Amino acid sequence: MIPDKTLVEKDVYHAAPEVVQGAHVPNFQKYKELYSQSIEKPEEFWGKLAKEFYWKTPKTDKFLDYNFDHTKGKIFIRWMEGATTNICYNLLDRNVHEKKLGDKVAYYWEGNDPEDCMQVTYKELLQQVCKFANVLRAQGVKKGDRISIYMPMIIELVVVMLACARIGAIHSIVFAGFSADSVCERILDSHCSLLITTDGFYRGDKPINLKQIADEALRKCRERNFSVGKCIVVKHLGVTEATGATDETCTDRASSNTQSPPAKRSCYNLQITWNADVDIWWHDLMKEASDKCEPEWCDSEDPLFILYTSGSTGKPKGVQHTVGGYLLYTATTFKYVFDYKPDDVYWCTADIGWITGHSYLAYGPLANGATSVMFEGIPTYPNVSRLWEIIDKYKVTTFYTAPTAIRLLMKYGEDPVKKFSRASLKILGTVGEPINPEAWLWYYNVVGNRKCPIMDTFWQTETGGHMMTPLPAAIPLKPGSATFPFFGVLPAILNESGEELEGEAEGYLVFKKPWPSIMRTIYGNHQRFESTYFKKFPGYFVTGDGCKRDKDGYYWITGRIDDMLNVSGHLLSTAEVESALIEHAAVVEAATVSHPHPIKGECLYCFVTLRDGHEFNETLIAELKDQVREKIGPIATPDYIQNAPGLPKTRSGKIMRRILRQIARNEKDLGDTSTLADGTVIEELFNNRCRTA
Ligand code: WT7
């Protein structure tokens, strides 16, 4: 168990002595002890950790109450109900006033362009958040109101989310890569009363007119008889509304908002339209606002935010998280999984528009008083050394990214990495999809110089925080395995009939007990929450992932076993893509399957059946790809579209996607075809295959 000289023993990787020294959990034995306590006495275990935070009314009685079994009634989970607090107060006021971290940097902001950067301290962040919380209150926003946020990776995004949390409003952040349709759908689903957005931003050398997409989303909402009250616009690129001409004073925003050195923003001649009835500039509102704001004291079980994730019916699910449990769990996982120390500089490359950004770029690190890097750009701009350059620039100690980014950068070889020292790095992490051992080894050997353990963290939008994960010093690593459960997490592997499998086994990954940051409901549809996660196996939370346990008890996530696919670490539902395709006039029927992709992990392979009189050609393929981009967003763009005059179906008319998956891969073994109604379509489908990479 203890490291040998090379740290590697039969493909098991042990922590180097410098990782072990001073670690919060120094060895496997200690992990086992803490884990047992967390499972046997959850109330004591979490109760102790809860004391590190400020509670206006502390919890005195029942710490946890829940029902996971739908046959016994309604599903519910309540942690510390009756206790009151404010999460923003815990992240900012407590750190500034109690912990005296006011002058500590909360974020180093690194823009899309390398010369574009700024920093914000805890004290400055608190002031900005208070100001914007007052702005929201002045706009009539009250506790429980839903606020839609559609912004790029800029500091104001964190300011907005924490300002919502401060006044008890529920934020619903929509990733800035989503389309107008997706924004509209999410605003309508949760009846958001305000939209906060940005003039535009750059992604590499590509300008994105975000305001225009936001306008389009609001127009679509109005068509469906719903209007948000106001649209608040952050001036990020520095355009003026009237002419669209570049604003000479485009550095004003940052310098007037904070005491940090003004950021050099890229100015771009971007045309935006301005609707004076709805649109208001952020800086006009902030000018007058006071920087003192009394927080709204919320119940531990009050909703904190909604974040939409794909659902297998095609309609996105508004995953709802609550104040107390989410605070407790994101703070604790951040501390232990990244073995956080006060001098660390932590960098999570995820966008705040996804759960990883919510939990591990905003709430978790701030709850610990950590210094983070927030990066607006992409790994390949202006060149493929960008990530490593940033690591050296800020002396990053802890680096958390996605397997897809690693696979992308691996393609360019070791030289772009080795141009920079990366000497500050101590701990690495990955999230979002299974990491293939080849990418794991490159990350470990090349990026981490064989001295940084890799935390392969398995979790979901629904779980709010890490579920299966190593701890840096305590758990020897196996490339590709998310290893063991975090404290308080009780996994099981079930077979098709719902029996728990012991020892070496493979089956459905489920959880038997609630952890503090489990989602509480799907916004506006508790029944869907119960049927999606608790119906299949009564008494268990079903993840939708397959999983293997090896002879040493290590868990290996094998991927989704439902109608979801994972493109570059983001879930999409096949139904959502199919319904976007069917909206095209030429398409009568569509079926989508996942296909292996060397960088994205999985990509979309679509089969379409055309209406009579339509021809399958390059123009149509381009139109169909555009259609999906427009309906969902660029991440959902299909890689392959195949003409399918007939689709394999069961006698009851269900499309057999399992067979289509084999056809896409040119795999002749189709498995059991006894339920296939008409076998004659198969040969034609094989003949029409797309040439795949
Ligand atoms: C799905 C959740 C969790 C934040 C980002 C994605 C897959 C996630 C891993 C991992 C294997 C993983 C699962 C899961 N996944 N992390 N370390 N190893 N698979 O959040 O969009 O809710 O997706 O991502 O399939 O169910 P999400």
Considering only helices (runs of 4 or more DSSP H) wholly within the stretch 343-453, the ones with at least 1 residues that are modelled with pLDDT under 95, farther than 24 Å from LEU471 by Cα and touching a strand residue (DSSP E or B) at 6+ places or on another chain (Cβ under 6 Å) are none
**Prompt:** Does any residue of the stretch 645-655 turn out to be surrounded by 14 or more Cβ atoms within 10 Å (Cβ to Cβ), within 35 Å of the chain's Cα centre (by Cα) and either among the β-branched types (Val, Ile, Thr) or more than 24 Å from ARG560 (Cβ to Cβ) (or both)?
**Reply:** yes
Item to complete: State whether one or more residues within the stretch 289-304 are buried (at least 23 other Cβ atoms within 10 Å of the Cβ), within 18 Å of the chain's Cα centre (by Cα) and touching a residue at least 40 places away in the same chain (Cβ under 8 Å).
Response: yes
Residues of the stretch 173-190 being surrounded by fewer than 24 Cβ atoms within 10 Å (Cβ to Cβ) and either closer than 20 Å to ALA133 by Cα or of a type in the set (A, V, I, L, M) (or both), in sequence order, are ALA180, LEU188
Exercise. Can TYR308 be described as closer than 24 Å to TYR35 by Cβ and within 16 Å of the ligand (Cβ to nearest atom)?
Worked result: no
Selection from the stretch 529-549 of residues away from the ligand (no atom under 16 Å from the Cβ) and either in a strand (DSSP E or B) or among the basic types (Lys, Arg) (or both) yields LYS535
Considering residues that are buried (at least 19 other Cβ atoms within 10 Å of the Cβ) and away from the ligand (no atom under 16 Å from the Cβ), the number found within the stretch 387-409 is 10
LEU565 fails exactly one of (1) closer than 30 Å to ASP299 by Cα; (2) touching a helix residue (DSSP H, G or I) at 6+ places or on another chain (Cβ under 8 Å), namely (1)
For LEU477, the lone unmet condition from (1) over 22 Å from the mean Cα position of the chain (by Cα); (2) in contact (Cβ under 8 Å) with a residue 24 or more places away in the chain; (3) surrounded by fewer than 21 Cβ atoms within 10 Å (Cβ to Cβ) is (3)
Per the list (1) within 14 Å of the ligand (Cβ to nearest atom); (2) crowded, with 23+ Cβ neighbours inside 10 Å; (3) of a type outside the set (A, V, I, L, M), residue check on PRO434 breaks on (2)
Going through the stretch 283-342 in order, the residues found to be part of a strand (DSSP E or B) and among the aromatic types (Phe, Trp, Tyr) are PHE305, TYR308
Expected output for the stretch 445-459 (first residue over 11 Å from LEU7 (Cβ atoms) and away from the ligand (no atom under 16 Å from the Cβ), partner among the acidic types (Asp, Glu) and modelled with pLDDT of 95 or more, Cβ below 7 Å, 6+ apart or cross-chain) is VAL446/GLU414
**Asked** Would it be correct to say that LYS131 is at pLDDT 95 or above and in a loop (DSSP other than H, G, I, E, B)?
**Response** no
In the stretch 67-83, anything more than 13 Å from GLN527 (Cα to Cα) and touching a helix residue (DSSP H, G or I) at 6+ places or on another chain (Cβ under 9 Å) is listed as ILE77, ARG78, TRP79, MET80, GLU81, ALA83
Filter the stretch 568-621 for residues that are among the polar types (S, T, N, Q) and touching a helix residue (DSSP H, G or I) at 6+ places or on another chain (Cβ under 6 Å); the one that is surrounded by the most Cβ atoms within 10 Å (Cβ to Cβ) is THR592
If you go through LYS317, LYS341, the only one that is touching a Ser or Thr at 6+ places or on another chain (Cβ under 9 Å), more than 22 Å from VAL120 (Cβ to Cβ) and in contact (Cβ under 8 Å) with a residue 12 or more places away in the chain is LYS317
Of the listed residues (LEU660, LEU647), the one being assigned to a loop (DSSP other than H, G, I, E, B) and farther than 30 Å from ALA176 by Cα is LEU647
Within the stretch 476-516, residues assigned to a loop (DSSP other than H, G, I, E, B), modelled with pLDDT of 95 or more, away from the ligand (no atom under 16 Å from the Cβ) and among the charged types (D, E, K, R) come out as GLU499, GLU502, GLU504, LYS512, LYS513
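The values are calculated or read from the model by the stated rules, or taken from the named source; none is laboratory data. If you're wondering where the values come from, they're calculated on a predicted model, not measured in any experiment. Because the Cβ atoms are built from the backbone with ideal geometry, glycine has one as well, and the counts that use them run over all protein chains shown.
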